[in-house]
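Below is one structure, written out as structure tokens, with a few remarks after it.
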Amino acid sequence: MSVTYRSERSSAGRPPPLPLPTRMLHWLTAGLLVVMFGLAWTFDALGPSDTGASLVALHQSFGLLILLVVAARIVWRLTHPIEPLPGDTPRWEMRLATLVQAALYALLVAMPVVGWYASALSGDTIRFFGLALPDLVAMNEDRSDQLFELHGAIGWAILTLTVLHIAGALNHQFIRRDGLLNRMRIW
């Protein structure tokens, strides 16, 4: 997947917004990530409790929802390519943007899969908003602990790449002033 830019400019000199489904899936993913990290940090701070267990169940459900949304994003991106960044964008910046986005997609798939597998190995029945999913693996606490460590590391990697992604967008908006942020506007 590559980061791209529509060569046509709107009458205000800004690039036109990307297609609505692209923008909706982007902001839905961003919102779900905020919810996911909020839930994770809250249940971690609470420790073992009934409230913590309820938050873990919500975290698992939202994790599976992110997996579905990211799968939809990938299918959409593969079937609806976006045009390249402006021609005056340095080659290293285009490559970095492409790398960051590809890594985010990969980690946004890996994180819920690893979390799901780790939870299943811990003996939890995974539920998607109350609907119990089949238990597919035997319990293995040691392996579960290892995978939960990986799950946490992936979370920090996602946060780091997200900050880099936001920094790139802000660079285009406030330093380069090329209006690129207009592509992902909500309205």
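Assorted remarks:
- Scanning the stretch 87-98 for residues that are among the charged types (D, E, K, R) and not in a loop (DSSP other than H, G, I, E, B) returns 91, 93, 95.
- Hey, residue 89 surrounded by fewer than 17 Cβ atoms within 10 Å (Cβ to Cβ), on the phi < 0 side of the Ramachandran plot and either polar (S, T, N, Q) or in contact with a His (Cβ under 8 Å, 6 or more places away or on another chain) (or both) or not: no
- Among the numbered conditions (1) over 19 Å from residue 170 (Cβ atoms); (2) of a type outside the set (Val, Ile, Thr); (3) open to solvent by 50 Å² or more (accessible area, probe 1.4 Å), the only one that residue 52 does not meet is (3).
- If you go through the stretch 117-126 and pick out every residue that is surrounded by fewer than 20 Cβ atoms within 10 Å (Cβ to Cβ), touching a Leu at 6+ places or on another chain (Cβ under 7 Å) and outside any helix (DSSP H, G or I), you end up with 0.
- Near pairs, Cβ below 7 angstrom, 6+ apart or cross-chain, from the stretch 151-175 (free of Cβ contacts under 8 Å to residues at least 40 places away in the same chain and within 18 Å of residue 27 (Cβ to Cβ)) to any residue that is of a type outside the set (Phe, Trp, Tyr) and surrounded by 12 or more Cβ atoms within 10 Å (Cβ to Cβ): 169/181; 172/178; 172/180; 172/181; 173/181
- Residue list for the stretch 68-86, filter: assigned to a helix (DSSP H, G or I) and either at pLDDT below 95 or under 13 Å from residue 105 (Cα atoms) (or both): 68, 69, 70, 71, 72, 73, 74, 75, 76, 77, 78
- Among (1) crowded, with 17+ Cβ neighbours inside 10 Å; (2) within 19 Å of residue 162 (Cβ to Cβ); (3) among the β-branched types (Val, Ile, Thr) - the single one residue 35 does not satisfy: (1)
- Residue count for the stretch 128-187, restricted to those that are acidic (Asp, Glu), modelled with pLDDT of 95 or more and open to solvent by less than 100 Å² (accessible area, probe 1.4 Å): 2.
The values are calculated or read from the model by the stated rules, or taken from the named source; none is laboratory data. Everything numeric here is computed off the predicted structure, so don't read it as measured data. So basically every Cβ, Gly included, is an ideal-geometry build from the backbone, and we count neighbours across all protein chains shown. Protein only, heavy atoms only, side chains kept; ligands, DNA and RNA dropped before computing areas. Shrake-Rupley method; radii C 1.70, N 1.55, O 1.52, S 1.80 Å.
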